[in-house]
2 protein chains.
Amino acid sequence: MKKLIKDRTSVLSDMLEGLKLANSDIEIIEDTVVVRKEKKAKGVALVSGGGSGHEPAHAGYVAKGMLDAAVCGEIFTSPTPDKVLSAIKAVDNGDGVLLIVKNYAGDVMNFEMAQEMAEMEGIQVETVIVRDDISIEDVEKRRGVAGTVIVHKYAGFLSEQGLPLNEIKDKVEQLLVDVKSIGMALTAPMIPSTGQNGFDIQDDEMEIGIGIHGEKGLQRKPVESVDKIVEQLGDLLLKEVESKSVVVMVNGMGATPLTELNIVVKYVHEYFQSKGLNVQQWLVGDYMTSLNMEGFSITIAPSHDELLTALNAHTESRYF
Amino acid sequence: MKKLIKDRTSVLSDMLEGLKLANSDIEIIEDTVVVRKEKKAKGVALVSGGGSGHEPAHAGYVAKGMLDAAVCGEIFTSPTPDKVLSAIKAVDNGDGVLLIVKNYAGDVMNFEMAQEMAEMEGIQVETVIVRDDISIEDVEKRRGVAGTVIVHKYAGFLSEQGLPLNEIKDKVEQLLVDVKSIGMALTAPMIPSTGQNGFDIQDDEMEIGIGIHGEKGLQRKPVESVDKIVEQLGDLLLKEVESKSVVVMVNGMGATPLTELNIVVKYVHEYFQSKGLNVQQWLVGDYMTSLNMEGFSITIAPSHDELLTALNAHTESRYF
């Protein structure tokens, strides 16, 4: 297996240790929970997390202006409720805790159990579930993907503004109704625990509508030029989006060079322009990856002043 | 060819257009020269560049606190002297221009010709040549790689401090004596103009001492675990480095997920610690890439207060 790892069992702990070395303002508690060294003294605390392998999500966003804690499961595996509870207890300052959870059965269940346990200890906790991946038709079953990072930044800003828990939850849920993502891949991620690729794909094929855990896509097709790929993804997105003024994230899946992501941006711009959409803000880079998968996703959110202010507000995270 | 491109001939122009869309404070002149929209009114202007395919280098560093212009050649191809001259003339404000050039014959020749032409027009120009790649024994022939980005940041800081051209040049040259890099690759980059990989490599092999243009390395070897790889690279670096207090960059080659770069950091830390080196500052991410090559490089520089201040000074570049 060609991977920069020591062995299959130490991927998570080695990765977190490296992350901590490179980011002196975080620390790791209970082996797999990343928190800020300087705990926020007041304001709603934000906790996210899930399986690892999506770096910089989620641990890279633990920083002033974004998250207060990230609960890191093994690669593509939900963290356990006790770890989520530890995160909640570590960051709560009395103003309550918002859990930002991607819509996967394990994550939803384990974060919910932790919420119940925390509430029994008298901590005020609310949860928002991110379901931005439109490759699944049933809205309730939609997975949380790159749009989650927009939520981290938006909620982080609202918390810095001193808004109370219920208000932040309401605003985030209002935003989430209209955050939509769709992704594609040229290659599958190789899962370190098995040494196997998430799916098999030929040298002349691509997947449209992939997930971020090596799940196959909606469609397997011959590779096309980037403008054609963007058109297909864009057509799927525009079935869901009414706003003509939008924020767009072009997210790399982990092994996509910035050279190519920039090319994607050009064609996304041309496509949206041809459809009368006005892009107010671009977010381009690796925000929510899937190990070494080559490909990208497009996330779209209706633009409004507060969201633009939030996306451009200062954060100490070097990954946003 | 599996690449997110429209066609082979439009890679550079499409990439620059996307970069400009995503970064509203830059503009493109003469098709391939990236400059800041707000020209620096005083202080030494910094110009770098070279072949493209190393994104975010160099165009992504055109921002307050780093470069004033980047001259972008086609993928892995030197820009022509007339473009370099255009960059110099666009950014000079009377305080002179420093050219930061990686040591490749074409780059050195073309930047030198541009310098001569600019001097004939009365512009004060100096050049520094980066030769940080220790995989080549002859120091004069050493290539410029990721260490170049440390120079961009250091020189950008010195320029913001208002230092005159000769002083910035002297300080950068003093730094460059001790900036050393070495890289490795699991895969070769695929060159879009030919649709061919830079070199052939088997599924169980790696290259030690690669360049950033698809050049083969010093050695072809069976893949090993990351701690063993780091040890080999570290042993080569330590032959060249005397300082015990260092700045370390762990640079991704374009298709290396942050998950794995963080693991590399852990083992680089352990290796240097075992050798009595103290890492004062980590820089971890994709700084100087080679299209979609999987692999990483380690760059080391002696730490001193001014360099640390420079590396942590504000820049508007979102890629540093």
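We did not get these values from a lab; they are worked out from the coordinates using the rules stated. What you are looking at is a predicted structure, and each value in this text was computed from that prediction instead of being measured. For neighbour counting, all protein chains shown are included, and Cβ atoms are generated from backbone atoms with ideal geometry for every residue, glycine included.
General observations
- Residue and distance (whole Å) for the chain B Cβ nearest the axis that superposes B on A: B:ALA255, 2
- Working note: Debye formula, equal point scatterers on the alpha-carbon atoms of the range B:54-107, no solvent; log10 I(q)/I(0) at q = 0.17, 0.27, 0.30 Å⁻¹ is -0.55, -1.32, -1.46.
- Helical contribution to [θ] at 222 nm, DSSP H n ≥ 4, -39,500 (n - 2.57), averaged over chain A, rounded to 500: -10000 deg cm²/dmol
- Rule-of-thumb Rg ratio for the range A:10-177 [Cα; 2.2 N^0.38 Å; N residues]: 0.94
- The other copies place their A:GLU27 label points at 5.0 nm from this one, listed shortest first, where each point is 7 Å from Cα along Cα→Cβ.
- The rule of thumb for compact globular proteins, 2.2 N^0.38 Å, goes into the C-alpha radius of gyration of the range B:180-311 1.05 times.
- Candidates A:GLY211, A:GLY156, A:GLY198: whichever shows maximal mean-square fluctuation once chain A is modelled as a Gaussian network with Cα springs under 10 Å: A:GLY198
- Translational diffusion coefficient (Stokes-Einstein; Kirkwood radius from C-alpha pairs) of chain B at 4 °C, 1.567 mPa s, in µm²/s: 66 µm²/s
- Listed residue (A:MET109, B:LEU218, B:GLN202) projecting farthest to the positive dipole end of the protein assembly as shown, Cβ model: A:MET109
- Rg/Rh for the protein assembly as shown stands at 0.95; both radii use Cα atoms, and Rh follows the Kirkwood definition.
- Coil-residue GluC sites (Glu not before Pro) of the range A:36-139, DSSP, other Cβ within 10 Å capped at 13: A:GLU38, A:GLU121, A:GLU137
- Compared with the dominant Cα axis of chain A, that is its longest principal axis, helix A:105-120 is turned about 20°.
- Extended-chain gain in nm, criterion 0.36 nm per residue less alpha-carbon gap, A:MET1 and A:GLN219: 75.8 nm
- q = 0.15, 0.18, 0.19, 0.24 Å⁻¹, the range A:134-187: log10 I(q)/I(0) [Debye, one scatterer per Cα]: -0.50, -0.66, -0.71, -0.95
- Under 14 Å, Cβ to Cβ, from B:GLY122 - net charge with Lys/Arg +1 and Asp/Glu -1: -4
- Candidates B:ASP31, B:ASP14, B:ASP305, ranked by Gaussian network fluctuation over chain B, Cα under 10 Å, top entry: B:ASP305
- Net lengthening on full extension, A:MET120/A:ASP25 (0.36 nm per residue, minus Cα-Cα): 31.1 nm
- Entries of A:LYS64/A:LYS266; A:LYS153/B:LYS89; A:LYS6/A:LYS153; A:LYS244/B:LYS42; A:LYS141/A:LYS171 with Cα pairs more than 30 Å apart: A:LYS64/A:LYS266; A:LYS153/B:LYS89; A:LYS6/A:LYS153; A:LYS244/B:LYS42
- Per-residue ³J(HN,Hα) for the range A:204-210, Karplus 6.51 cos²θ - 1.76 cosθ + 1.60, θ = phi - 60°, Hz, x for Gly and Pro: 10, 10, 9, 10, 10, x, 6
- Less than 5 angstrom separates the built amide H of A:ASN197 from those of A:ILE191, all sequence-distant by 5 or more or on a different chain.
- Rounded Å value of the spacing that divides the Cα centres of the range A:154-223 and the range A:254-270: 17 Å
- Summary of the geometry: the range A:58-133 and the range B:292-309, compared by the centres of their Cα atoms, lie 35 Å apart.
- With contacts taken as Cα pairs under 8 Å at a separation of at least 6 residues, chain B carries a relative contact order of 18 percent.
- What separates the A:PHE199 label point from its copies, with the point 7 Å along Cα to Cβ, is 3.4 nm, written shortest first.
- Within the range A:10-177, DSSP assigns beta bridges of which about 30% are antiparallel (rounded to the nearest 5).
- Exam field: B:ASN278 pseudo-label spacings to other copies (7 Å along Cα-Cβ), nanometres: 5.6
- Principal-axis tilt of helix A:147-160 within chain A, Cα atoms, nearest 10 degrees: 40 degrees
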